[in-house]
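Take a look at the structure set out below.
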């Protein structure tokens with residue numbers, strides 16, 4: 001049994017979970033199709049983590065993204081090849097490196113966030129005020145159930161949706 005999974009799945013909950021999963025998949029696909037900056041969801045997520053946690057190690061990125069170290073290394077290789085991140089020597093550990101987003105990486109992240117938010121806002125704008133209120137209440141409940149650490153109540157380390165972009169990115173986005 002995994003964390004948060006009932007011993008025996010309630011058929012009603014399983015059906016609701018299936019609907020939610022399918023809606024999330026469809027939203028992800030639509031956002032991916034609209035991607036104007038050429039980043040996969042995985043690359044976008046890793047870049048966002050690097051932007052918001054400048055100077056993190058490869059191991060910290062792997063942990064934040066819930067990836068094995070080899071997968072994190074492959075993501076960073078691709079981000080580095082695209083000119084979006086750089087590896088810097090770690091002054092405390094000569095064997096390690098620290099990751100930093102480049103100005104281009106911050107700009108592309110800001111553009112992706114802007115276009116995704118505009119698209120989603122357009123979809124939310126199609127709803128009535130009451131429907132939007134229901135969606136917001138559902139988001140609050142989902143954040144509490146999925147994104148928050150059940151022990152501390154803090155947002156999970158890899159979740160950057162609540163954070164404002166650092167100053168250099170905010171300037172690029174405006």
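Remarks
- Region 1-152 shape via C-alpha gyration tensor axes, a/c threshold 1.5: oblate
- Where a label projected 7 Å from the Cα of residue 115 along Cα→Cβ would reach, residues of region 24-43 with amide N under 11 Å: 31-40
- Shown is the FRET efficiency for residue 80 and residue 126, computed with R0 = 45 Å from the Cβ-Cβ distance and rounded to the nearest 0.05: 0.70.
- Mean Cβ count within 10 Å, highest first, over the residues of peptides 92-101, 47-56: 47-56, 92-101
- Highest mean first, the peptides 66-76, 131-141 sorted by other C-beta atoms within 10 Å per residue fall in the order 66-76, 131-141.
Coordinate-derived values only; no laboratory data. Only a predicted model underlies this, so the values are computations on that prediction, with no experimental measurement involved. Positions of Cβ are backbone-derived with ideal geometry, glycine not excepted, and every protein chain shown enters the neighbour counts.
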